[in-house]
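Heads up, the thing below is written out as structure tokens.
Nothing in this text is a laboratory measurement; each read-out follows from the coordinates by a stated rule. Model, not experiment: these values are computed from the prediction. Neighbour counts are summed over all protein chains in view; Cβ atoms, including those assigned to glycine, are modelled from backbone coordinates with ideal geometry.
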Amino acid sequence: MVAAHRLRADDLWRALRHALSRNQLRKARYINSFFPPFQGLNEDDLNLATGRPRQFLDDASPTDTHSTRAQRELMLYATLRLAAHDPQAAATWWTDASAHLGPEDQAWGWQQIALQGALNLNPQSLEWFQQVTPQPTDAEWLIWKTRVALRQQDWATVLDTLAHLPVTLAQKPVWQYWKARALEGEYRSAEALALLERVSQSPSYYGLLALEERGQELRLSPPPAQPDPEIQKETRTLLERPLRLYRLGLLPEAQREWNQIEPALTPLQHLAAAQQAFQLGWYDRSIHSADRTDLPKDITLLFPYPYQSQIQASASQYHLSEAWILAVIRQESRFFSVARSRTGAQGLMQLMPATARWAARRSGLKNYHAEEVDQPDTNILLGTYYLNHLAQLLGNPILATMGYNAGPLRAQIWVSAGIGDPRAFLENIPFDETRDYVQQVLYNQIVYEQRLHTVPSHRLHALLDELGAVR
């Protein structure tokens with residue numbers, strides 16, 4: 001069958017390993033079906049390695065790794081499965097087993113154990129990364145090796161690993177910032193300052209970190225010049241249909257129409273479109289269009305403050321920062337009051353139905369009905385109650401933001417590994433979505449504090465220092 005499909009056995013084994021390493025079991029079984037009888041993976045052994053990898057490895061002997069290719073692949077796969085839950089146990093087993101394998105398989109096993117160790121925030125992960133020779137070119141692996149080295153302040157490893165990243169990745173503000181930190185750690189201050197100066201131009205969490213570390217503060221730009229009346233008229237004509245649909249309350253249809261028209265707009269038309277959406281209270285489109293233009297940014301459009309009375313009331317009731325509440329709402333829904341996520345989260349603060357019911361019951365909200373979650377005052381009340389609950393539970397607003405996105409249990413697990421340098425701690429959040437979410441909320445919060453004139457100097461570092469003090 002292999003010959004009939006013009007596939008070599010080695011190609012099949014590589015494809016099978018790739019599928020198994022990504023938990024693509026259906027694909028792996030399909031690939032396995034191309035092997036002649038008794039030459040591929042045994043289905044019972046595959047099920048055992050998948051569901052009970054520790055038992056599979058306990059029943060195996062490391063010296064069995066030479067017996068057949070199928071047995072070797074199953075041991076590699078079971079080691080990966082074990083590493084996802086207990087990287088220390090996987091590393092212990094692999095230390096003995098890998099001695100009976102060739103260099104390529106040894107490196108592959110350590111590569112997977114190191115990556116899983118990093119995702120589990122295991123302090124020995126860097127040691128496992130360093131077992132892998134030669135160093136892989138896989139970008140995800142290099143990034144996680146960098147993150148682990150950051151937590152241990154191994155600046156030489158940070159610089160070496162960043163040097164192997166693809167250029168497009170290495171030039172992103174995140175890795176330029178950390179390269180600057182590593183250069184500073186290696187006593188190359190002039191190079192670090194020059195790099196921080198470039199990063200500080202980025203309107204982002206990393207740009208703000210770099211700005212404050214250069215002894216400067218965020219300064220909001222004045223509003224740009226308004227588009228002339230002719231541009232405004234042209235834009236209003238182009239957007240006539242989505243704007244009319246929005247006024248009629250046909251929001252999904254309005255958004256689809258807007259999205260079809262917007263890519264063809266000029267920079268000035270983007271700005272005019274943002275202003276027109278803002279005037280209607282269609283804030284998610286005003287933010288989106290204001291961000292699309294390459295003209296100077298209009299902070300009022302990018303960081304609006306609707307629902308002011310409701311936010312102020314909830315902030316006062318639960319002793320929370322207005323800027324923090326605004327930052328969360330902007331990230332969750334961009335102030336779209338009837339927003340729905342694929343997972344079922346609803347409203348301005350994207351509350352799951354069960355969370356909304358729990359918050360309504362705990363906060364004493366009488367006669368709550370599920371459809372009320374789309375009402376801004378109710379959604380803000382319940383969302384801020386939940387934020388306050390998380391802040392009390394986790395002991396810090398940044399951790400509460402983390403728990404708001406990923407769930408409080410995950411936040412507690414991540415904190416249990418130790419915080420250390422809070423910047424490196426946030427960089428090592430295992431979920432990409434949560435890491436980006438927390439950093440964006442922090443940036444939003446500082447901008448809103450500037451808008452509300454409540455921000456002291458070096459505010460981002462002050463928030464991070466408070467996180468670092470959590471025990």
(request) Starting from the eigenvalues of the Cα gyration tensor, five times each then square-rooted, give me the equivalent ellipsoid semi-axes of the chain, largest first, whole Å. (result) 46, 28, 25
(message) Need the full-extension length gain, D96 to D291, defined as separation in residues times 0.36 nm minus the C-alpha distance. One decimal, nm.
(response) 64.8 nm
(message) If I model a spin label as a point 7 Å beyond the Cα along the Cα-Cβ vector, how far apart are those points for Q260 and A417 in nm?
(response) 4.6
(request) Enumerate the lysines that K145 could reach by cross-link, defined here as Cα to Cα under 18 Å, with residues fewer than 8 away along the same chain left out. (result) K172, K179
(message) What's the ranking of 230-242, 201-213 by average number of surrounding C-beta atoms within 10 Å, highest first?
(response) 201-213, 230-242
(message) Using the Cα centre of the range 229-297 as the reference point, and only Cβ charges (+1 on K/R, -1 on D/E), how large is the resulting charge dipole? Debye, rounded to the nearest 20.
(response) 160
(message) Test of understanding: ordering K27, K297, K145, K179 by Cβ neighbours within 10 Å, fewest first, what list do you get?
(response) K27, K297, K179, K145
(request) Report the calculated FRET efficiency for T300 and E197 (r = Cβ-Cβ distance, R0 = 25 Å), to the nearest 0.05. (result) 0.35
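Once the Cβ-Cβ distance between R247 and D374 is put in as r, and R0 is 25 Å, what FRET efficiency do you end up with, to the nearest 0.05?
Values: r = 18 Å, r/R0 = 0.72.
For R247 and D374, the calculated efficiency is 0.85.
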(request) Compute the distance in nm between two label points, each set 7 Å from the Cα along the Cα-to-Cβ direction, one at R52 and one at N23. (result) 2.1
(message) Quick check: residue separation of Q152 and D59 times 0.36 nm, minus the Cα distance between them. What number comes out in nm?
(response) 29.9 nm
(request) Please give the contour-minus-distance gain from Y30 to A89: 0.36 nm per residue of separation, less the Cα-Cα distance, rounded to one decimal in nm. (result) 18.2 nm
(message) Counting other C-beta atoms within 10 Å, and keeping those with at most 11, which DSSP coil chymotrypsin sites (Phe, Trp or Tyr not before Pro) do you find in the range 26-91?
(response) F38
(message) With the crude spin-label approximation of a point 7 Å out along Cα→Cβ, what separation in nm comes out for R236 versus M352?
(response) 4.6
(message) Which of S67, S286 has the fewest other C-beta atoms within 10 Å, and how do the rest follow up to the most?
(response) S67, S286
